[in-house]
Amino acid sequence: MYFRSFIGIVFFLFFMFFPIQLMSENELLDKEFYQQEAYEAFGELPYEVIKNLPPDINTQVVYFLKYYTNEKREVVNRWLARCSLFLPYFRTIFKEYGIPDDLVYLAFIESGCNPFATSPAGAAGIWQFMEATAKRYGLKIDYWIDERRDFIKSTYAAAKYLKTLYKIFGDWRIAIASYNLGENKIKRVLEAKNFIDYWQIINSKEIPIETMIYLPQWMAITLIAKDPEKYGFSIPENKILDYEEIKVNGGIDLKVFSVAGEIDYDMLLLLNAELRRKITPPETIYNLKIPYGKKEILEKNLLSLRTVKKEKDFAKRKIEIVTLPEENLSKKLVVF
């Protein structure tokens, strides 16, 4: 949703309607190479996704392979690097819910694995949940927290949603399209036209172009992500985002934890992207995610801070007063 390019769609439509006029003999040979590569790799994708693939889908996948390896090369490089931080967690959670492993690569298409991504329509986080759908699948959204940006909780929600979609439609292709468009809209198309097959939906022109190209986009990025070097990309050097949790008091700025735990502030923000105000929610005990190995020093220094707070006269200390929203004007947040 977030990264889909309008220019890319325009080129895609032009390519689809005028494929022969656009390609020289060398380009046609190149296309055949991509087709062979694509079909070989499709054998590792869910069977229901690849069975009876029509020629058109191959052409679309070829287009997006070229698009991602040329015009969008720098963008895909960033996706590969960032997603490498999260993919092991995605795979573990999807496996737990019986979701085909390759569906983790939907996160590339949705947001480039960016927990801070927000679409013009208001979808947020790595899995680009709209607020209503997010809440339906157990994600909390309020003034302080937006769990659509929590890379663990939102992935559980995505797995549950995909599993529900598969139960509804019994076809992973339709489930994938529904994840993009919404199950109710897909249901209406199926019922209005008496369709029973994914390709009937796609060829009906009853759905937006974004959904029509969603499956081939995912197939293309899956091929690249599973074997980056084959398509001229370097293997990401990033390691898994290894973390542990610590229970902390509410109403404390993340900068305090960054200093006390000797933790890179940007890393702390990434691990806790769900904290909308960069502050732990007041009047709560919060499970803060921190880089693995930082728990001991953070606990030690937080204890020192609490000791200082008790021993010194509060009025003599320099404090920063942060006013809460209007509905909580009677409360004040002390950051130290």
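Of note:
- Region 262-270 - phi-based ³J(HN,Hα) in whole Hz, Karplus 6.51/-1.76/1.60, Gly and Pro as x: 6, 10, 4, 5, 5, 5, 5, 5, 5
- With q set to 0.15, 0.17, 0.18 Å⁻¹, the log10 of I(q)/I(0) for region 106-255, from the Debye formula over equal scatterers at the Cα positions, is -0.90, -1.09, -1.17.
- Sequence-ordered 3J(HN,Hα) estimates for region 188-201 from the Karplus curve with 6.51, -1.76 and 1.60 and θ = phi - 60° stand at 4, 5, 4, 6, 5, 9, 6, 7, 10, 10, 4, 5, 5, 4 Hz, glycine and proline given as x.
- In order along region 102-115, phi translates into HN-Hα couplings of 5, 6, 4, 6, 4, 5, 4, 5, 5, 8, x, 6, 9, x Hz, rounded to whole numbers, per the Karplus curve 6.51 cos²θ - 1.76 cosθ + 1.60 with θ = phi - 60° and x for Gly and Pro.
- When region 131-219 is reduced to its Cα atoms, the Kirkwood hydrodynamic radius in Å: 14.0
- Size of electric dipole in region 60-112: Cβ of Lys, Arg +1 and of Asp, Glu -1, about Cα centre, debye, nearest 20: 180
FYI, it's all coordinate maths here, none of it is from the lab. In this text the structure is predicted, and so the values were computed from the model without any measurement. As a convention, Cβ positions derive from the backbone with ideal geometry for all residues, glycine included, and neighbour counts pool all protein chains shown.
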